């Protein structure tokens, strides 16, 4: 982690006002250690953390499990609920932050999949149809994605990887398709992607070489 941390901090990837813009994506299965690994990164990247969290699947347990550990490590902590207004809250934090706060603060979303699962649960309870969560408006995953990508600062996004087979349920299809789409966009924009398996992290993506230019990766046929 130390070399990658140095690379993130000193590679010159800066926000428009001078604060470092970092995006890390952490994926894996249920109970694989994603939250603990995200907070380990938060302690490395900043002095304070704003964590939007929801209970772990299947909506049981305490979402404050890592609070005491992070505080003891010297990380100032603010815990917020990952609710339907999370996109608006991220936008507000972004507007109210100055360059010094943005550089020392780490925004953690734990987790995108849990948030979307809860949004689907609320929509089903309200008698809505799946397409209601695809329309622009408050509480959609696309709106949340826009807020995360626009945030001028350090961001860590935790999410389960969606798995779907031949499932006829439209809500399950919506969950798999929309979450997979969001993860593809986040992976493309992120500085690094980590996959957790049984508490062990594997770096799936580090420094990305852009496609279609003279430094293109060798696995693409248009290298020149």
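The values are calculated or read from the model by the stated rules, or taken from the named source; none is laboratory data. Source: prediction; values computed, not measured. FYI the Cβ positions are ideal-geometry reconstructions off the backbone, even for glycines, and counts take in every protein chain you see.
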Margin query: Yes or no: region 1-18 includes at least one residue that is over 20 Å from residue 104 (Cα atoms), at pLDDT 50 or above and assigned to a loop (DSSP other than H, G, I, E, B).
Written below: no
Check: In the set 102, 87, which member is over 20 Å from residue 53 (Cβ atoms), out of contact with any strand residue (DSSP E or B) (no Cβ under 7 Å at 6 or more places or on another chain) and surrounded by 14 or more Cβ atoms within 10 Å (Cβ to Cβ)?
Finding: 102
Checklist line | Filtered residue count, region 54-86, keeping only those that are modelled with pLDDT of 85 or more, in contact with a helix residue (DSSP H, G or I) (Cβ under 8 Å, 6 or more places away or on another chain) and in a strand (DSSP E or B) | finding: 2
